[in-house]
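Here the structure comes first, spelled out in structure tokens, and everything after it is commentary.
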Amino acid sequence: MDKQNYTLSGKEAQEIKKCYSHLEEELIRKAGAKILKRKRVLKHLKDLISAIYLYFVKELSFQRLSDVMSCKYGIVMSDTAWRKQILKAAPILWEEMKAIQEKTAVPRDKDRKVLKCSSVYAIDATDIPAQGGTTTARRIHTQFSLTEHRCTFAEVTDCHGGENLKRFSLKKGALYFADRAYGRTPQLAYALDQEAHFLIRIAPHQVKFFRDPECQDPFSFPDIFLEKTVFSTIVYFKREKKVYHVRILGRKLPEEKQAQAEKRVRRKANRNHRKASAQAIEASKWLILATSFPETKTFSVEKLCEQYRLRWQVELHFKKLKTLLRLRKFRRSSDLYQNAMSFLWLTLASWIALLQLRIFSLIHFFISDFYAFSLALHCFP
């Protein structure tokens, strides 16, 4: 079957429309009374969602949105009124969408377990700059479920909101993937205190480990780099007068990846007007992970390094939604506006993901991610 040229039959289109109508009715019932204050003019939440779609995805101004909604839907409101309505609706829609999604979302991979864990998450943050500059305007901290294929938690902060595991409520026994931004000893201590499993990439210059429980004999990464191409060992660190132990492991990257990694390190050092150290260059040629899993055959170095590749799903999630929902840069605006736009982005993304799951459960054939997202977007106008 050619998925690019595939068209839905009448029965399949009706099923999809039914799913959309059911979701819309549920959202209207839960959020409509909280959002719609100008009921004489804006009577249905569906019209507000259509306006949000036009403004957000089609990149209309509020003035242009006012003209379009007046001509297309017969809703006469000023651009200021539309601005107030959309900014007010954004956080409410996001909270109600989260509640609906928690109740109705079904894991795609019910029987799939990663490293004996049924709940698996990837944690990361994405930066969205403002127009006319390269600095971060808003940072969206995201917890993405790899078993349910959806965003289960998100927090919006300004550019000073650092990436930290403590922003998330870690579940006991669940597995979390994270990159080097989260590979610091306070965050490792937090994950161990929550009794969560983790697989977090670390950089040698960000952490200080010891070979002994008394934390007297420092652990040296350069010694490991010189001796082996694969390593796994237990190390210790102290946090707030409490000693923790964690397993660190590493595998040398393939030669072509090593050259790319070294080039990135040197380029970053040049941007900061400094010279890359020999240790930083050598460390860039390794995949170094910290984990709570013991050193057994089931949790071998090769196995854990291969499973860590699943973290890339959260990067693909950001890429898809930034492309399809066009949230690449914020317009010049206030913090209130930027927060609202972030919430709208998350709401539309959750809406599309939920529609996509329902479409998959009703239609028993493969639809590509791009086609499913495009199909969902066309439900809005």
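Measuring r between the beta carbons of GLN206 and ILE92 and using R0 = 25 Å, the FRET efficiency lands at 0.05. Taking trypsin sites (Lys or Arg not before Pro) across segment 307-340, the ones in a DSSP loop with at most 12 further Cβ atoms lying within 10 angstrom of their Cβ are ARG328, ARG332. Summarising the label geometry, the points placed 7 Å from Cα in the beta-carbon direction at ASP127 and VAL41 lie 3.9 nm from one another. Within the assembled protein chains, the solvent-accessible surface assigned to GLU295 is about 110 Å², based on a 1.4 Å probe.
The listed residues LYS297, LYS228 rank as LYS297, LYS228 when sorted by accessible area, largest first, using a 1.4 Å probe. For ILE281 and ALA99, a Förster radius of 51 Å and the Cβ-Cβ distance give a FRET efficiency of 0.55, rounded to the nearest 0.05.
Among ARG64, ARG167, ARG271, ARG180, the order of accessible area from largest down is ARG271, ARG64, ARG180, ARG167, computed with a 1.4 Å probe on protein heavy atoms. Not counting ligands, DNA or RNA, and with a 1.4 Å probe, what is SER50's accessible surface area in Å² rounded to the nearest 10? Here the accessible area works out near 0 Å². Taking 0.36 nm per residue of sequence separation and removing the Cα-Cα distance, the GLU59/LYS257 pair yields an extension gain of 67.4 nm.
Between HIS245 and SER220, the C-beta separation translates, for a Förster distance of 25 Å, into a calculated FRET efficiency of about 0.90.
When the C-alpha to C-alpha distance is required to be over 22 Å, the pairs from LYS268/LYS320; LYS43/LYS84; LYS228/LYS257; LYS242/LYS285 that qualify are LYS268/LYS320; LYS242/LYS285. Computed from label points 7 Å out along Cα-Cβ, the spacing between GLU315 and SER78 is 4.8 nm. For segment 175-290, what class follows from the C-alpha gyration tensor (a ≥ b ≥ c being the square roots of its eigenvalues): rounded when a/c is under 1.5, otherwise prolate if a/b is larger than b/c, else oblate? Because a/c hits 1.5 or more and a/b exceeds b/c, segment 175-290 counts as prolate. Estimated at 0.36 nm per residue, the fully extended path between ASP335 and LYS268 surpasses their Cα-Cα distance by 21.1 nm.
Of the residues HIS44, HIS317, the one with the largest accessible area comes first in the ranking HIS44, HIS317, computed with a 1.4 Å probe on protein heavy atoms.
The values are calculated or read from the model by the stated rules, or taken from the named source; none is laboratory data. Quantities reported herein were computed from a predicted structural model and do not represent experimental measurements. As a convention, Cβ positions derive from the backbone with ideal geometry for all residues, glycine included, and neighbour counts pool all protein chains shown. Note: accessible area is taken over every heavy atom of the protein model, side chains too, but ligands, DNA and RNA are not part of it. Shrake-Rupley method; radii C 1.70, N 1.55, O 1.52, S 1.80 Å.
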